[in-house]
Amino acid sequence: MFLYKGYFLNMLNLILFGPPGSGKGTQSEKLISRYGLKHLSTGDLLRSEIAQKTPLGLEAKNLMDKGQLVPDEVVIGMISSALETNPDARGFLFDGFPRTAAQAEALDKLLELKGTSINTMLAMEVSEEELVNRLLKRGETSGRSDDNNEGVIRARIAEYHNKTAAVADYYNKFDKVVSVKGEGSIDEIFNGLCREIDAVVAA
Ligand code: B4P
């Protein structure tokens, strides 16, 4: 339980959702600092496995370099361990997870075991051309092999439409999805996200 703007809350668990390049990583950094949440990014966890050249990392790199998703059981296992190693967190910000309906169901079950649940899913809306431009620009400097080829970037966006968009349908059933404009300055987008989160906290 923690105190936020005069309210006592149990946990605050948020999903930051959107296509590749929509700014999930960028906004997560600001949100965790504002709300004191533990940041769980499956993309970052996978890149850490790749950097350490673990067997899991080598398998993941092969798929990520083609713009494909990593198998559900791999990312669910990573999130499950991360939840266990952070028993005192006041809440979690899930960034890039869940990305399939199966991952969403698994996350709900894991949170239920902790006696908590997702408060809201923030869905960032960005046009496809803006996504491609952002990722190609990042690819010039990031060294990320999934960012420097337009074909791979478009394959990631197609994976998003084929498999990930269903996650919004899943949380819509529970009326937990809010759309947020993902184009504009980083601060404008951050303010839009905070307005939605504050409304959920105050409800
Ligand atoms: P992720 O690491 O999750 O990353 P992402 O989708 O590429 O980007 P994100 O939306 O975080 O964008 P960012 O803020 O960085 O995934 C990488 C890969 O890992 C996936 O393709 C998949 O293979 C695998 N994976 C991860 N999770 C998985 C899961 N759960 N299941 C299966 N596979 C999984 O922003 C992008 C760029 O835009 C940056 O350069 C940033 O500076 C710029 N930018 C941000 N906001 C901007 C703004 N307002 N204006 C202009 N530019 C902006």
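The values are calculated or read from the model by the stated rules, or taken from the named source; none is laboratory data. In this text the structure is predicted, and so the values were computed from the model without any measurement. Because the Cβ atoms are built from the backbone with ideal geometry, glycine has one as well, and the counts that use them run over all protein chains shown. Side chains are part of the model used for accessible areas, which takes the heavy atoms of the whole protein and leaves out ligands, DNA and RNA. Shrake-Rupley method; radii C 1.70, N 1.55, O 1.52, S 1.80 Å.
Numerical summary
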| item | result |
| --- | --- |
| Residue that is farthest from the chain's Cα centre (by Cα) [pool: residues in the stretch 28-46 that are part of a helix (DSSP H, G or I) and within 7 Å of the ligand (Cβ to nearest atom)] | Leu46 |
| Any hit, the stretch 86-93, residues being under 13 Å from Asn13 (Cβ atoms), touching a helix residue (DSSP H, G or I) at 6+ places or on another chain (Cβ under 8 Å) and near the ligand (Cβ under 10 Å from one of its atoms) | no |
| Number of the exception - Glu150 against (1) touching a helix residue (DSSP H, G or I) at 6+ places or on another chain (Cβ under 8 Å); (2) under 22 Å from Val180 (Cβ atoms); (3) away from the ligand (no atom under 12 Å from the Cβ) | (2) |
| Filter result (open to solvent by less than 30 Å² (accessible area, probe 1.4 Å) and either of a type in the set (Gly, Ala, Ser) or assigned to a loop (DSSP other than H, G, I, E, B) (or both)) within the stretch 59-76 | Ala60, Gly67, Val70 |
